[in-house]
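Handing you this structure, nothing more for now.
Bear in mind that the values in this text are calculations on the coordinates, not laboratory data. Given the structure is predicted, the values throughout are model-derived calculations rather than measurements. Cβ: placed from backbone, ideal geometry, glycine included. Neighbour counts: every protein chain shown.
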Amino acid sequence: MPNTPVDAHIEANKGRFLDELLDLLRIPSVSADPKYKADVARCAEAVKVRLVEAGLDKVEVCPTPGHPIVYGEKIIDPAKPTVLVYGHYDVQPPDPLDLWDSPPFEPVVKDGMIYARGSADDKGQFYMHVKALEAMLRTNGLPCNVKVMIEGEEEVGSTNLGPFVKANKERLAADVVLISDTSMIANDVPSINTGLRGLSYLEVEVTGPNRDLHSGVYGGAVANPINALCEMIASLHDADRRITIPGFYDAVRELSTQERAALAEAPFDEQEYTRDLGIPAVRGEQGYSTPERASIRPTLDVNGIWGGYIGEGAKTVLPSKASAKISMRLVPDQKSAEITRLFQQHFESIAPVGVTVKVTPHHGGEAAVTPTDSPAYLAASKAMEEAFGKKPIPTRGGGSIPIVALFEKELGLKTILFGFGLDSDNIHSPNERYGIFNYMKGITAIPRFFHHFAQSGK
Ligand code: BES
Ligand code: MN
Ligand code: MN
């Protein structure tokens, strides 16, 4: 039963809140692929219209050298605390398209789930804030100030957001950052992420002969770049699944026994995990649990690898080049630029004779941790507890939102990761989805955060 005018507004407008999200999901705002540039711009305009309709002031689409940033605010009293809401309206590329059960940009609601690219990451999650703000502004009003910044380049490394934040420190001044772009443990086990991993992403290219060769005429006598690349990649982990790059673990902040015990409180079912993923067993760094491997430990993964002949049938060829995209997830206090440098130096040093290696860094970002004893965390915890009827568990997340460390560095702000998704939402995968349950819980919890934070936050 709705027990406040805000809840009553949310309950009465549920259907419209869903329809509006579906409309936003129909815009293919893929930031990585230039062919969607006009769609990304159209999406920014749509977000602007929604912020205006929700009742925000000074709403603006701010151009950048890349995709635009949408900004709006509502200052009710400069003496009151200010919440800076951040989200992203850009989405990951939808491919492979043939693995989707319905087209990625034609949202389908099935069994309480919204299926579409961006439904959970992050349109469905940032739009909860727009609707929560609407609900507050049309009823009791806001209990504190809000600034909203929704960017269009999160999925490509937020390259233009850093300069924007630096150039707009005054405009973005706030007391806390609130982001819904992470996941919880389960719908009946609410949790709040208190950490994110950093990232170092790069591309490697191994070059052998100056042209593709007949693998019978030259094979055995000339180094094959694909063979060489595979050997080099394989050598980056040892038998304990530790990364072999010299110095890689030097800065890693180890957790205390107590901290590890606290994290182990969160429920985790390994059988359910392997069954859900269709894998025969888990595999990872010796000495750490599966949740630890996926959150507090650094990793190295090949994201893509190519070279040689991959068409129909067989072609006997010894290729001239082979390439791979490699990402490393980092933990406090590893520095992205330093890890990139260590990788580059090591990778060049392990090239076998007969090939040359080129390493090209892409984007990176630093890890972040949030305290669990701040007024903002306590407000978030209370808000979730009221929405779910259960106190949320603090957990460390494995993904990256590089801008979180930047908010801390440039604006001196801590972030609350107020995410309502689930790991099973298939973000970045085919059939991405978001539960209507989660969408509505978020819209209900956000005004409660504002309420508690306004009372304690400055
Ligand atoms: N929302 C995700 C990050 C995330 C997902 C954090 C789930 C925790 C749990 C975000 O949109 C994302 O995908 N970030 C990228 C990094 C970026 C630099 C491309 C990532 O983590 O790969
Ligand atoms: Mn995201
Ligand atoms: Mn993402």
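Considering the zone a paramagnetic label at Asp23 would reach in this model (a point 7 Å from Cα along the Cα-to-Cβ line), which residues of the stretch 135-159 have amide N under 16 Å from it?
Those under the cut-off are 135.
Using 19 Å as the cut-off for backbone N distance, which residues of the stretch 311-337 belong to the label zone defined by a point 7 Å from the Cα of Val222 along Cα→Cβ?
315-323
Now, a different point. Give, rounded to the nearest 20 debye, the magnitude of the charge dipole that the stretch 1-111 has about its Cα centre when Lys and Arg contribute +1 at Cβ and Asp and Glu contribute -1 at Cβ. Working shown, then result.
Values: 12 positive and 19 negative charges, 69 e Å.
Around 320 debye, computed over the stretch 1-111.
Stretch Lys391-Asp33 to full length: gain in nm at 0.36 nm per residue minus the Cα-Cα span?
124.8 nm
Could you tell me which residue out of Pro394, Thr194, Val177 lies farthest along the dipole of the chain toward its positive end? Charges go on the beta carbon: Lys and Arg +1, Asp and Glu -1, centred on the Cα centre.
Towards the positive end, the residue furthest out is Val177.
Relative to the longest principal axis of the chain, what angle (0 to 90°, nearest 10) does the C-alpha long axis of helix 336-349 take?
10 degrees
With +1 on each Lys and Arg Cβ and -1 on each Asp and Glu Cβ, how big is the dipole of the chain about its Cα centre, in debye rounded to the nearest 20?
About 660 debye.
Give me the mean projected area, in nm² to one decimal, of the convex hull enclosing the Cα positions of the chain. The partial results should precede the final answer.
Values: hull surface 92.9 nm².
Its average projected convex-hull area is 23.2 nm².
Which of the lysines could a cross-linker span from Lys37 if the Cα-Cα distance has to be under 23 Å and same-chain partners fewer than 8 positions apart are dropped?
Correct list for Lys37: Lys48, Lys123.
Also, I was wondering about something else. What length, rounded to one decimal in nm, is gained on full extension from Ser102 through to Ile305, with 0.36 nm per residue of separation minus their alpha-carbon distance?
Taking 0.36 nm per residue and subtracting the Cα distance, the gain is 70.3 nm.
5 Å is the cut-off here: which amide hydrogens, built 1.01 Å from N in the peptide plane, fall below it relative to Leu422, excluding neighbours closer than 5 in sequence?
Met184
Report, to the nearest 10°, how far helix 225-234 tilts away from the longest principal axis of the Cα atoms in the chain, using its own Cα long axis and a range of 0 to 90°.
60 degrees
On to the next question. At most 16 other Cβ atoms within 10 Å and a DSSP loop assignment: could you name the chymotrypsin sites (Phe, Trp or Tyr not before Pro) in the stretch 273-349 that fit? Please list the in-between numbers first.
Values: sites: Tyr273, Tyr288, Trp306, Tyr309, Phe343, Phe347; in loops: Tyr288, Tyr309.
Hits after loop and neighbour filter: Tyr288, Tyr309.
Assuming a ≥ b ≥ c are the square roots of the Cα gyration tensor eigenvalues, decide whether the stretch 368-458 counts as rounded (a/c under 1.5), prolate (otherwise, with a/b larger than b/c) or oblate.
In terms of gyration-tensor shape, oblate.
Right, another one. Taking R0 as 22 Å, what FRET efficiency do you get between Asp212 and His362 from their Cβ-Cβ distance, rounded to the nearest 0.05?
It comes to 0.25.
What do you get for GluC sites (Glu not before Pro) in the stretch 232-310 restricted to DSSP loop and a cutoff of at most 11 other Cβ within 10 Å of the site's Cβ?
Glu254, Glu265
Count the DSSP beta bridges whose two residues both fall in the chain, then state the antiparallel fraction as a percent rounded to the nearest 5.
Of the beta bridges lying entirely in the chain, close to 70 percent run antiparallel.
Let me ask something else about it. With axes computed from alpha carbons, what is the tilt in degrees of helix 375-388 against the longest principal axis of the chain, rounded to the nearest 10 within 0 to 90?
Approximately 80 degrees, to the nearest 10.
Quote the FRET efficiency, to the nearest 0.05, computed for Arg16 versus Glu45 with a Förster distance R0 of 25 Å and r equal to the Cβ-Cβ distance.
Here the calculated transfer efficiency is 0.80.
Which cross-chain or sequence-distant (5 or more) residues have an amide H under 5 Å from the amide H of Val331, H modelled 1.01 Å from N in plane?
Those lying under 5 Å, H to H, from Val331 are Gly198.
In straight Cα distance, which lysines are under 28 Å from Lys315, not counting same-chain residues fewer than 8 positions off?
Lys325, Lys358
Pulled fully out, how much extra length does the chain show between Ala186 and Gln345, if you take 0.36 nm times their separation in residues and subtract their Cα-Cα distance? It would help to have the intermediate numbers written out before the result.
On the way: separation 159, 0.36 × 159 = 57.24 nm, distance 4.17 nm.
Additional length available on full extension: 53.1 nm.
Using each residue's phi in the stretch 314-328, evaluate 6.51 cos²θ - 1.76 cosθ + 1.60 at θ = phi - 60° and report the 3J(HN,Hα) Karplus result to the nearest Hz, with x for Gly and Pro.
In residue order, the calculated couplings are 10, 9, 7, 9, 9, x, 7, 9, 9, 9, 8, 9, 10, 10, 10 Hz.
Hey, what do the phi angles of the stretch 161-166 turn into as Karplus ³J(HN,Hα) couplings, whole Hz, using 6.51/-1.76/1.60 and θ = phi - 60°, x for Gly and Pro?
Listing the rounded values in order: 6, x, x, 5, 5, 4 Hz.
Moving on. Going by amide H atoms built from the backbone, whose H comes under 5 Å of the H on Leu178, apart from near neighbours?
Under 5 Å from the amide H of Leu178: Leu84, Val85, Tyr86, Ile416.
Now, a different point. Apply the Karplus curve 6.51 cos²θ - 1.76 cosθ + 1.60, θ = phi - 60°, to the phi angles in the stretch 190-205 and return the couplings in whole Hz, x for Gly and Pro.
x, 8, 10, 5, 10, x, 9, 8, x, 8, 10, 10, 8, 10, 10, 9
If R₀ is 56 angstrom, what is the calculated FRET efficiency for the pair Gln455 and Ala234, using the beta carbon separation as r and rounding to 0.05?
0.50
Then there is this: Calculate for the chain the 222 nm mean residue ellipticity that helices alone would give, adding -39,500 (n - 2.57) per DSSP H run of length 4 or more and normalising by residue count, nearest 500 deg cm²/dmol.
Dividing the helical sum by the residues of the chain leaves -10000 deg cm²/dmol.
Note the per residue figure in Å³ for the convex hull of the C-alpha positions in the stretch 202-344.
Normalising the Cα hull of the stretch 202-344 by residue number yields 147 Å³.
Just going by the charge dipole of the chain, with Lys and Arg at +1 and Asp and Glu at -1 on Cβ, which of Pro107, Tyr71, Tyr127 is farthest out on the positive end?
It is Tyr71.
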